[in-house]
Amino acid sequence: MSSLAVLHASQLVTLAGPKRPRVRSEMSELAIVHDGGMLVHDGVIVAIGSSTEIERSARQSEIVDASGRVVLPGFVDAHAHPVFAGNRLDDFERRARGKTYEQIAAAGGGIWSTVEKTRAASEMDLLNQAKKHANWFLECGTTTVEAKSGYGECRADEYVDLVNEEMLPAVGAERLAEFCDVFCEHGYFDIEQSRKILAAAKRLGLKLRIHADQLTNSGAAQLAAELEATTADHLEKTDEDGFAAMKASGVQPVLLPGSVYALGSTCYPRAREMIEAGLAVVIATDFNPGSSPSPSMPMMLSLACTQMKMSPAEAIAASTINAAYSLDRGDKIGSLEQGKLANFSIFDCEDYREIAYWFGFPQIHSVYVRGRPVLSRANET
Ligand SMILES: [Zn+2]
C-alpha cells in the first residue's frame with residue numbers, strides 16, 4: 001500500500017463541509033487547517049489534521065513537505081472545449097483592431113476556421129493536441145476538466161435532425177458522454193431548436209448543460225430550468241427572472257469570465273446577485289480557441305474577484321467543490337476530505353488569497369493526482 005503524508009501547509013484549504021454544492025455564506029467557508037497535514041493511502045485521503053497529528057501516524061509514508069505553502073484541492077474545470085485543431089489568431093488580430101465577434105463571423109472568420117481545421121485533422125493529431133492542452137491545465141493546478149466533444153455547424157435545422165437522429169442515439173448506445181450541451185443563442189440554435197436537442201438527449205438518459213444568454217437574454221436560463229438542466233453556462237445577459245427560475249429548478253450557474261475578457265467585453269455575469277439569490281455558482285475557463293484561449297483557473301479567479309466582485313474564498317469554492325458537484329463528482333473530488341481522491345496542488349504562496357491577487361504568472365509549486373506527483377516546478381526555483 002503506497003502512503004503519502006503532506007506536512008506543514010501554511011494553509012491546508014480543505015473545503016470540508018456539507019455534501020452538496022455551497023450557497024450564499026457557505027461559499028466563504030473554506031475550512032482551512034493552519035500548519036495542516038494530510039495522509040493519503042493508495043491515492044485516497046485517509047486523514048486531515050494538524051501537521052503534528054498527521055506526522056505521528058505517518059511513519060511508513062513518503063513525506064511531502066509543503067514548507068509553509070498553500071495546499072488546495074485540484075481545480076475542477078466544469079466548462080472547456082479542449083479538443084480542436086488550429087487556432088484563431090487572425091480573429092484575435094481582427095478583434096484587436098476593433099471588429100466584433102458577430103462581424104468576424106459574418107466575414108467568414110470565427111468558429112468556421114477551426115471547425116474546418118478540426119475536421120481535416122486526423123484522430124491522432126487531435127489526441128496529441130488534446131494531450132498538450134491537458135498538460136496546460138495541470139500547469140495551472142487543474143486536475144479535472146469537463147471536455148465538450150467538439151463542434152460542427154451547418155444549417156441549424158439540419159444539424160438538429162442530424163444530432164437527434166444519428167449522433168445522440170450513437171452516443172447513448174456507446175455511452176460516449178454524460179452530458180449534452182447546446183449553444184442556445186440567436187443566430188445559432190434558438191430556444192425551440194435547443195429544446196428539441198436537449199429533450200431528446202434527456203430521453204436517452206443524458207444530463208444537460210446549456211450555453212445560455214451569452215450575447216442576448218434569450219430565455220435560455222428559463223429553458224435550463226424547464227428541462228431541469230444540471231447547469232446553465234455563461235449567463236452574461238441573464239436577469240433576476242432567470243436567476244429565480246434556475247433557483248427553483250436547482251440549476252447551477254457556470255460563469256466564464258475568460259470569454260468576457262478575451263472578447264474585450266465588460267459585460268460580466270451578475271455573480272453577486274446570483275450568490276444572493278442562493279445559486280451554487282461555478283467558475284470555469286471555457287477554454288477554447290475562439291473566445292477564451294486560457295486554461296488558467298488562477299486567471300479566472302483574478303477576473304472573478306476584480307470584475308465580478310466575488311471574494312477570493314467564493315471564487316475558490318466556485319472552482320473546486322461547486323464545480324465538482326456540477327459534474328456529478330462531488331462525492332469524489334473538489335475538497336480535501338477523508339475518502340476523497342488525493343487530487344491537490346501546492347502553491348508557492350502562504351495565503352490562499354494570493355492565488356487570485358497576483359496574476360499573469362504561475363504560482364504553482366507542484367500538482368498531485370490520486371496521490372501521485374504529476375507536475376513539479378520545485379527544482380526550477
Ligand atoms: Zn463553451
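Structure above, values below:
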{"quantity": "All positions within region 325-381 that are in contact with a Cys (Cβ under 8 Å, 6 or more places away or on another chain), buried (at least 18 other Cβ atoms within 10 Å of the Cβ) and not in a helix (DSSP H, G or I)", "calculated": "Gln363, Ile364"}
{"quantity": "Every residue from region 245-265 that is assigned to a loop (DSSP other than H, G, I, E, B) and within 19 Å of Ala356 (Cβ to Cβ)", "calculated": "Leu256"}
{"quantity": "Criterion: closer than 21 Å to Thr320 by Cα, open to solvent by less than 20 Å² (accessible area, probe 1.4 Å) and either in a loop (DSSP other than H, G, I, E, B) or more than 14 Å from the ligand (Cβ to nearest atom) (or both) - qualifying residue of Ala229, Ala200", "calculated": "Ala229"}
{"quantity": "Strands (runs of 3 or more DSSP E) within region 1-83 that include 3 or more residues open to solvent by 30 Å² or more (accessible area, probe 1.4 Å)", "calculated": "32-41, 44-50, 62-73"}
{"quantity": "Criterion: of a type in the set (D, E, K, R) and part of a loop (DSSP other than H, G, I, E, B) - qualifying residue of Lys117, Lys99", "calculated": "Lys99"}
{"quantity": "Residue in region 262-281 that is within 13 Å of the ligand (Cβ to nearest atom) and open to solvent by less than 20 Å² (accessible area, probe 1.4 Å) present", "calculated": "no"}
{"quantity": "Lone unmet requirement of (1) modelled with pLDDT under 85; (2) within 30 Å of Leu375 (Cβ to Cβ) for Gly141", "calculated": "(1)"}
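Per-residue answers, yes or no, for (1) at pLDDT 95 or above; (2) of a type in the set (A, V, I, L, M, F, W, C); (3) closer than 22 Å to Leu303 by Cα; (4) surrounded by fewer than 21 Cβ atoms within 10 Å (Cβ to Cβ):
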| residue | (1), (2), (3), (4) |
| --- | --- |
| Leu206 | yes, yes, no, yes |
| Ala220 | yes, yes, no, no |
| Leu223 | yes, yes, no, no |
| Asp233 | yes, no, yes, no |
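The values are calculated or read from the model by the stated rules, or taken from the named source; none is laboratory data. Bear in mind that the values here come from a model prediction, so they are computed numbers and not experimental data. Glycine gets a Cβ as well: all are built from the backbone with ideal geometry, and neighbour counts include every protein chain shown. Note: areas computed on protein heavy atoms with side chains; ligands, DNA, RNA excluded. Shrake-Rupley method; radii C 1.70, N 1.55, O 1.52, S 1.80 Å.
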